[in-house]
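Just so it is clear, none of the values below were taken in a lab; they were calculated from the coordinates. Model, not experiment: these values are computed from the prediction. When we count neighbours, we look across all protein chains shown, and the Cβ atoms used for this are built from the backbone with ideal geometry, even at glycine.
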Amino acid sequence: MKGSYVLLIQLPKEQTITIGSLKALHFPGGYYAYVGSAMSGFKTRISRHLKSNKKRHWHIDYLLDKASITGIILGETIARTECTIAQALSRQFDSVPGFGCSDCRCHSHLFFSANESQMKSTIMAILKSQDDRQALNKGGKDEPIPSGG
């Protein structure tokens with residue numbers, strides 16, 4: 001399986017975290033959604049995010065040193081959809097400018113909410129609407145796969 005995914009992340013208290021080339025950034029305590037892609041397969045990418053002792057390479061690695069993943073939502077697709085998901089989330093939630101988007105033109109791939117359930121339901125609705133559009137193109141229907149809390 002391959003496609004886009006969203007990590008649901010909890011940062012228990014507000015912190016300033018040094019994020020690689022972005023330098024020191026202020027993060028309010030609360031819930032975050034990080035949008036990524038795993039076009040070579042979910043297993044390897046998600047396993048890497050879940051590892052605790054890893055070399056920091058991506059912006060998300062620095063945040064996950066201080067925060068915890070509370071859930072993972074997978075959106076199985078053939079095409080890259082992470083930027084479409086990120087753009088939809090940017091209309092609903094505050095974002096961390098420049099985070100996770102050094103390889104695209106998006107404003108951010110990390111979004112913040114004080115309300116985890118609202119964030120999760122919004123993500124599921126966005127992925128479902130993408131699946132509905134894909135189903136029109138291929139004649140079938142897939143559902144996003146929620147995982148975790």
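Of all residues in segment 18-37, which are within 21 Å of Ser90 (Cβ to Cβ) and among the hydrophobic types (A, V, I, L, M, F, W, C)?
Ile19, Leu22, Leu25, Phe27, Ala33, Val35
For residues that are touching a residue at least 24 places away in the same chain (Cβ under 8 Å) and farther than 22 Å from Lys55 by Cβ, scanning just segment 13-34, find the one that is nearest to the chain's Cα centre (by Cα).
Ala33
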